[in-house]
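Note sheet for the following structure.
The values are calculated or read from the model by the stated rules, or taken from the named source; none is laboratory data. None of these values were measured; they are calculated from a predicted model. Because the Cβ atoms are built from the backbone with ideal geometry, glycine has one as well, and the counts that use them run over all protein chains shown.
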Amino acid sequence: MLKSTIGLALVAFFAISPAFASEVGEDGLHKQSWFSMTFRDIAEDIEQARSEGKRLVITFEQRGCIYCAKMHDEILSDAEVRNYLEENFMIVQYNMFGDEEVTDLDGETLTEKTASRKWGYVFTPTIVFLPEEPPSDGTTVRDAAVATMPGAFGKWTFLNMFRWVNEKGYESDEHFQTYHARIIQELRSEGRLDAE
C-alpha cells in the first residue's frame, strides 16, 4: 500500500513538474524556443518568412490563459506538430494585452493590445495565418489573413489547419472542415486513429 501511495505521489509530482511544462516568460506567456522574435512589422515579417520558404503566423495569447498553456504543453510539445510547424511556418507570438509596437499592413503603428482590438481578436489563443506576400492595397491584417483559428483545439484539428493553409486549401473549393474530415478518415484507415 505504501509503495503504491509513493508511486502515485511521484507520478503526480512529475506530471505537474515545471520540467515537463513549457517555459513561461516574464510577460506571463508560454514560450517556444523556435518562435520568432521580430520588430512586429507585419509586411516585413511576411517577407522574412517568405525568404525562409515559410508562411507567417501570428499567435495572440495572454497571461493566465489555460487554453494557451494546453496548446503549448500538449499540442506544440508533440514532435509531429512541432516539426511540421518549424519546417513550414514562422510563428510570432503577440500578447493580447501587451504594449509592444506593431506595424499593421496598412502602415498604422499600434500596440499589441490595440492591434488585437482593431483586428477583432478576443479569444486566446487566436492563430492568424497571413498571405504569402504582403498586400499592396493598404488592407489590415484582419482583412489580409487567409485563415484564423480562434481558441484551442486538439492535435489533429490544430495540425490539419496548418496543413490546409500550407497546401493553400483556402484557394480551393474544399472547405477546411471537409479537408479535416477527409484527413481524419485517412488517419483512421491507416490505423493512426481509433474509429469513434
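General observations
- Among the residues of region 162-177, those identified as touching a Gly at 6+ places or on another chain (Cβ under 9 Å) and not aromatic (F, W, Y) are R163, H175.
- Considering the conditions (1) more than 21 Å from K168 (Cα to Cα); (2) out of contact with any strand residue (DSSP E or B) (no Cβ under 9 Å at 6 or more places or on another chain), S136 is excluded by exactly one of them, (1).
- Test: residue in region 178-195 that is modelled with pLDDT under 95, surrounded by 13 or more Cβ atoms within 10 Å (Cβ to Cβ) and part of a loop (DSSP other than H, G, I, E, B): yes
- Enumerated helices (runs of 4 or more DSSP H) restricted to region 47-125, each holding at least 1 residues that are in contact with a Pro (Cβ under 7 Å, 6 or more places away or on another chain), surrounded by 14 or more Cβ atoms within 10 Å (Cβ to Cβ) and of a type outside the set (K, R): 66-70
- Single residue of region 142-196 satisfying the filter (polar (S, T, N, Q) and touching a strand residue (DSSP E or B) at 6+ places or on another chain (Cβ under 8 Å)) that is nearest to T114 (Cα to Cα): T148
- Pair list, Cβ under 7 Å, 6 or more apart: region 20-48 residue of a type in the set (F, W, Y), other residue exposed (fewer than 13 other Cβ atoms within 10 Å of the Cβ) and in a loop (DSSP other than H, G, I, E, B): none
- Every test in (1) touching a Lys or Arg at 6+ places or on another chain (Cβ under 9 Å); (2) farther than 23 Å from R50 by Cβ; (3) among the polar types (S, T, N, Q) is passed by T140 save one, and that test is (2).
- Top-ranked residue in region 140-167 [being assigned to a helix (DSSP H, G or I) and of a type in the set (F, W, Y); ranked as surrounded by the most Cβ atoms within 10 Å (Cβ to Cβ)]: W164
- Verdict on D137 being part of a loop (DSSP other than H, G, I, E, B), of a type in the set (D, E) and at pLDDT below 95: yes
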